[in-house]
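Right, one structure below, let's go through it.
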Amino acid sequence: MGRQSKDKRDVYYRRAKEEGYRARSAYKLLQLDAEFDLLDPQKITRAVDLCCAPGSWSQVLATRLRADAAPSPEKIVAVDLQPMAPIPGVLALQGDITSLATARDIVRHFSGSR
């Protein structure tokens, strides 16, 4: 009898897959939000998710910060060296977060936004 992977026995791994989150880390952000009310759309108008792949925190942010159904401009910018599958309401940038060009892309996206 083979040994099962620890991930497949983990309740949050299974729950994330069942609820459509890309990773179990989504529940850590949900827990922090429940405890500290971090993601109040009345207080937060935009967010940057650094080192975002595979995108579970961006998924949570998109759900919590979506105040209306307007598809653009995106209120969330997600940046990673790895490509990431699209998430509605999130602009995914593939780039190095330490690069000045990537920082400029983020600022340019939000320029004019208040």
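The values are calculated or read from the model by the stated rules, or taken from the named source; none is laboratory data. Note that the structure is a prediction, hence the values are computed from the model and not measured. Quick reminder, even Gly has a Cβ in these numbers, built from the backbone with ideal geometry, and neighbours come from all protein chains shown. Only protein heavy atoms, including side chains, enter the accessible area calculation; ligands, DNA and RNA are left aside. Shrake-Rupley method; radii C 1.70, N 1.55, O 1.52, S 1.80 Å.
Table: residues versus (1) modelled with pLDDT of 95 or more; (2) crowded, with 16+ Cβ neighbours inside 10 Å.
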{"residue": "LEU39", "(1), (2)": "no, yes"}
{"residue": "GLN42", "(1), (2)": "no, no"}
{"residue": "ALA53", "(1), (2)": "yes, yes"}
{"residue": "SER58", "(1), (2)": "yes, yes"}
{"residue": "LEU65", "(1), (2)": "no, yes"}
{"residue": "SER72", "(1), (2)": "no, no"}
{"residue": "VAL77", "(1), (2)": "yes, yes"}
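Restricted to segment 92-114, and to residues that are at pLDDT below 95 and outside any helix (DSSP H, G or I), which residue is least open to solvent (accessible area, probe 1.4 Å)?
SER113
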